[in-house]
Structures are given as structure tokens and as C-alpha cells.
Amino acid sequence: MSNDNNGSGTGFTLNDNRSGKSYDLPVMQGSTGPDVIDVRTLYAETDCFTYDPGFTSTGSCQSKITYIDGDNGVLLYRGYPIDALAEQSDHMETSYLLLYGELPTKEQKQKFEHDITYHTMLHEQINYFYRGFRRDAHPMAVMCGVVGALSAFYHDSTDITDPKHRIVASYRLIAKMPTIAAMAYKFHVGQPFMYPRNDLRYAENFLYMMFGTPCETYRVDPIVARAMDRILILHADHEQNASTSTVRLAGSSGANPFACISAGIASLWGPAHGGANEAVLNMLEEIGTPERIPEFIEKAKDKSDPFRLMGFGHRVYKNFDPRAQVMRRTCHEVLDSLGVRDEPLLEIAMELERIALEDDYFIEKKLYPNVDFYSGIIFRAIGIPTSMFTVLFAVARTVGWVAQWNEMIEDPSQKIGRPRQLYTGDTLRDFVPLHKRK
Ligand code: CMC
């Protein structure tokens, strides 16, 4: 393939050496970032598909929401750098930005927060739905089930062709996720469900529903609430990652938003994606003492051993993860303010971070600590059980999923997602009846 783009937008020329024919492929330009070769007509013109498992070179949509420059450690939400948002904004404001494309005015922000707050309560019947789960069910399993079931409770917001339905469903999802998540935890530990409180802000309310009980007044620690809010901002969106692509793919068939977000939660659960924060803590527990760190570093480097250092590396960030930098600072702030420096697992985490950052293998392969490495440590420090870590990621990512789902529905070029394949199985053969098989 030769680059024939002379600035006039003529694009690439693809030479088929089998037939001697050549094909011009247009090149599309975004507002920033690499150009994109438009292969939409490739199959019709050449009778060939492209092959790209893991979509490492494939753009699946156009989006105005989030921009990542992985080589330079840049992450922008609607053009604003993630560290500026984490330091100066809050999760509700960032959610408005992701959904609507602009920072809200004071009045818009108040109205948005009010509207989200007044959707936090769940249909009472959902309480009984929880009772169908085993007490020891993983909270992510409960999340997949309960969020998927929302479409059975909120029929009045599942017409995806109606913009009002779409916005009500989006607000419901953003508002109800912390309530659903906290209830998954309460169910697991056998404590009464705590109803949301409208006088508390989003992150505070979540902490209250998680840690409060009807027996005594629960006061939310402002440092913990701020750290939680920042974690929500840092995880709010991340371009076309596995779970967001899952939401878009599910939604491309016209499925309702509750079903699509439930599909996103299922995808997020895996340890290579959102499940990594839980996997980090499990790994730290397995390491057990700082003396065993070198042994695990060697395991991570050993090609014949499937073990990987959880919380290190990223598909897109090959320099540093800008979210991890903010998270690292927040992590140290939380540890200092809660005075939990002596926690053995945190000691192992800090030592692991130090060694991995100095080790040639990790430096050469650009395997930096990612956002999940630090978020796991913060969650641990503030008393969130390990099994809830990925649930928190899901709570934070809901606004991103919803914003991306809305963008997809409104995109006139949107089609049902339907990749093709390179078939490597048997070719046509005759059926052999059972009595004749050997
Ligand atoms: N420990 C040890 N070696 C690693 C690690 C790791 N954590 N991550 C990648 N490598 C090696 C890998 O073996 C490969 O080596 P080689 O080139 O010799 O074959 C090389 O680095 C490139 O790895 P890859 O698997 O081709 O990279 P990828 O882009 O497909 O995978 C990743 C990215 C995040 C899945 C991977 O780095 C990983 O499994 N990390 C641990 C899990 C983790 O922390 N996930 C959270 C990601 S951030 C949150 C999110 O966005 O969901």
C-alpha cells in the first residue's frame, strides 16, 4: 500500500499484486490525531476484508467525546485535559460535559444535579429482585442482572427513537447505578439497604449508601468523598475501549439502553479491562511480603508463565497513563490523610511500583502503572471490599457509556455492527449419519 495523499485528500492507493489492479482509498481526517483510511467500500470493490483481531488498527466510529494520544499520555474529555477536570471540576459537571459537549452554566449545573438526584431511588420492586441472588454472588454478577432488568421496570424510557426517552433513560442509569451498586454490597454483607439521600452529592451519597446503617448517623469524610469524586471523573470515559465498544455494538441493533449498559458491565468485568483493579489487590495478597516481589517480577517477565503484573501496561498508553498520574497523587493524599501507611499490602504496592518503574523489561515495553493500580489501593485504604472495585469502575463509566450510546443513536451513518472473519474451518463436506460414523 502506498501513501498517495498529497494533501488534496486523494488518500491511499492499494495495489492488488494478484490481479494487478489498484484501488484508491479515501483518507479521513479528524480534528486531531492520526488520519483514518476509509475502507467501507473495500469488500465491494476488491472482494477482500481487512483482518484486525483486537481492532488494534481499526476505527469503528466517529466520536466527539474523548480523545486519547497514547504516545504522549494525553486524555481529553470534549477537549478538556483530564488532570484539569480531576483537579477543578466534579463528577456531575464532568458528566454534563460528556453528555452535552460543553461545560454547564451555573443554572444548567444546578438543574442537572437536581434531575440526577431525583432519579437515584429505585423502583421498590427491585429490592425483591435482589433476593433471587445467592448472598455470596459476585457483585458484578448482581450488577449485570439488576441493570439489565431495569428495562423490565422502566418501560417508559425504552423507545430509543424518542429523544426524551433517551435522556430519561440516560439520567436514570447515571443516577441509579450508585444505588444499585451499594445495594449489591449491602445484600452481600446482609445489612439493610440504605435509600439514597437527596441532600448529599453524588459521591457522598454513594459512600453513605455503602457504609451507612439505619442504626447510627454516618458522616462522610470529605477527603474520602473528594477522592471518590475524582476517581469517578478519571474513569468516566475512555474512548472506544472494550466495554464502550460492547455498549455501542449492543446498541447498534436497536437494543434498549438498560440492556446495552448491562452488556458493557459484563465486558468491563474481565481482568484485562475493569476487573484489573480487583486483580491488583488479589495479586498483592498473593505476593504477601515485599521480599517476594522479585520472584513475581521474574514470573511476569517469563514468556512461558501466563502471569502478568496486574495494574501495569495499557493498550493505548505507551508513555504514561495521565489518569494514573492524578490517581497516584490522590492515592498518596488519601493514604496520608487516613494514616494507613503501615498497611502491608500498600507497602508491597509502593515497593512494586518502585521496582517495576526501574526494571528494564517494564521500561522497554513501556509498562507503566495504570489507573487500576492506584484506584485499587485507594479503594482498599477507604475500606471498600475488593469484590466491589470493578463495580465502582462501572458506576463511574456509566456516563461515558451513556454519552457514547447517545452519540451512536444520533449518528446518521450508524449501522448495525457486523464484523466479518477469516474462515479457517472445514470446507463443504457430506453429512455422515450416526450409524456410519467410526
Ligand atoms: N506484565 C508483564 N508483561 C506485560 C504486561 C504486564 N502487565 N502487559 C503487557 N506485557 C508484555 C506482553 O507480554 C508483551 O510482551 P511481548 O511483546 O514480549 O510479547 C508486551 O508487554 C505487549 O503486551 P500486549 O499484551 O501485546 O499488549 P496489549 O496492548 O494487548 O495489552 C493490557 C494491554 C492492558 C491488556 C496488558 O498490558 C495487561 O494485560 N495488563 C495487565 C492488566 C491490566 O492492568 N489491565 C488494566 C488496563 S487499564 C484499565 C482499562 O482501561 O480497562
* To do: For Asp16 and Leu103, calculate 0.36 nm times their separation in residues minus their Cα-Cα distance, and state this gained length in nm to one decimal.
  => 26.5 nm
* Structure fact -> the chain, Gaussian network, Cα under 10 Å: of Val147, Val334, Val316, the residue fluctuating most is Val316
* When all C-alpha to C-alpha distances in the range 21-140 are sorted into bins of 5 Å, what percent of pairs does each bin hold, rounded to whole numbers? -> 2, 7, 12, 12, 11, 10, 11, 12, 10, 7, 4, 1, 0, 0
* Structure fact -> Relative to the chain, whose Cα atoms define the longest principal axis, helix 163-189 and its Cα axis are tilted in degrees, nearest 10, by 50
* How large is ³J(HN,Hα) for each residue in the range 279-290, as worked out from phi by the Karplus curve 6.51 cos²θ - 1.76 cosθ + 1.60 (θ = phi - 60°), to whole Hz, x for Gly and Pro? -> 4, 4, 5, 4, 5, 4, 5, 5, 5, x, 9, x
* In degrees, nearest 10, range 0 to 90: what is the angle between the Cα axis of helix 222-234 and the longest Cα principal axis of the chain? -> 10
* Give the residue from Thr398, Ser95, Leu345 lying farthest towards the positive end of the charge dipole for the chain; charges sit on Cβ (+1 for Lys and Arg, -1 for Asp and Glu) and the dipole is referred to the Cα centre. => Thr398
* Structure fact -> Filtered hits (aspartates and glutamates, Cα-Cα < 15 Å from Lys21, offset >= 8 within chain) -> Glu45, Asp47
* Mind listing P(r) for the range 330-396? All alpha-carbon pairs, 5 Å bins, whole percents. -> 3, 15, 24, 22, 17, 12, 6, 0
* Packing-based ranking, highest mean first, of 107-120, 381-394 given that Cβ atoms within 10 Å are counted -> 381-394, 107-120
* **Sulfur and carbon atoms: percent of accessible area, the chain [1.4 Å]** => 52
* **Spatially proximal lysines relative to Lys176 (Cα-Cα < 16 Å; intrachain offsets below 8 disregarded)** => Lys186
* Would you pull out the residues with amide H under 5 Å of Ile37's amide H, same chain only if 5 or more places away, H placed 1.01 Å from N? => Met28
* Asked: Given H placed on each backbone N at 1.01 Å, which residues far from Phe12 in sequence or on other chains put an amide H within less than 5 Å of it?
  -> Asp4, Leu25, Val27
* Asked: How many Å² of accessible area per residue for the range 57-162, probe 1.4 Å?
  -> 52
* Structure fact -> Row for the range 289-363, column shape: gyration tensor on C-alpha, a ≥ b ≥ c, rounded if a/c < 1.5 i.e. under 1.5, prolate if a/b over b/c, else oblate; value oblate
* Along its principal axes, what span do the Cα atoms of the range 343-438 show, with the longest given first and each in whole Å? -> 66, 47, 32
* To do: Arrange the peptides 353-365, 167-179 so that the one whose residues have, on average, the most other Cβ atoms within 10 Å appears first.
  => 167-179, 353-365
* Asked: Taking the Cβ-Cβ separation of Ser337 and Thr217 as r and a Förster radius of 22 Å, what is the calculated FRET efficiency to the nearest 0.05?
  -> 0.55
* In a GNM of the chain with a 10 Å cut-off on Cα contacts, which of Pro196, Pro271, Pro294 has the highest mean-square fluctuation? -> Pro294
* R0 = 45 Å: FRET efficiency of Gln421 with Arg131, Cβ-based, nearest 0.05? -> 0.60
* To do: Relative to the compact-globule scaling 2.2 N^0.38 Å, provide the ratio for the alpha-carbon radius of gyration of the range 108-208.
  => 1.10
* Structure fact -> Out of Gly73, Ile378, Gln62 - ranked by how far each Cα lies towards the positive end of the dipole of the chain, with unit charges on the beta-carbon of charged residues - the top one is Gln62
* Structure fact -> Interchain or sequence-distant (5+) residues whose placed amide H lies within less than 5 Å of the amide H of Gly79 are Tyr67
* Potential lengthening between Gln29 and Ser304 on full extension [0.36 nm per residue; Cα-Cα distance subtracted] -> 94.8 nm
* Asked: By per-residue mean of other Cβ atoms within 10 Å, what is the highest-first order of 83-90, 54-61?
  -> 83-90, 54-61
* Asked: Helix 257-268 sits at what angle to the longest principal axis of the chain, using alpha carbons and giving 0 to 90 degrees rounded to 10?
  -> 90
* Give me the number: length gained by fully extending Phe431 to Tyr80, i.e. 0.36 nm times residue separation minus the C-alpha to C-alpha distance, one decimal in nm. => 120.3 nm
* Return the inverse of the average 1/r over all pairs of distinct C-alpha atoms in the chain, which is the Kirkwood hydrodynamic radius, in Å to one decimal. => 23.8
* Asked: Which is farthest toward the positive dipole end of the chain among Tyr317, Ala272, Leu234, measuring Cα position about the Cα centre, with Cβ charges +1 (Lys, Arg) and -1 (Asp, Glu)?
  -> Ala272
* Structure fact -> From DSSP H assignment alone, runs of 4+ in the chain each adding -39500 (n - 2.57), the sum over residues rounded to the nearest 500 puts [θ] at 222 nm at -15500 deg cm²/dmol
* Determine which lysines satisfy two conditions relative to Lys303: a Cα distance under 23 Å, and not lying fewer than 8 residues away in the same chain. => Lys318, Lys365, Lys366
* Reference-scaled alpha-carbon Rg (2.2 N^0.38 Å with N residues) for the range 36-101 -> 1.56
* Structure fact -> At the level of C-alpha centres, the distance separating the range 41-68 and the range 306-341, in angstrom, is 31
* Report the residue, chosen from Ile293, Ile378, Ile68, that carries the largest GNM mean-square fluctuation when the chain is represented by alpha-carbon nodes joined by springs under 10 Å. => Ile293
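The values are calculated or read from the model by the stated rules, or taken from the named source; none is laboratory data. Nothing here was measured: the structure is a model prediction, and the numbers come from that model. Neighbour counts run over all protein chains shown; Cβ positions are idealised from the backbone, glycine included. Please note that ligands, DNA and RNA were not included when accessible areas were found on the heavy atoms of the full protein model with its side chains. Shrake-Rupley method; radii C 1.70, N 1.55, O 1.52, S 1.80 Å.
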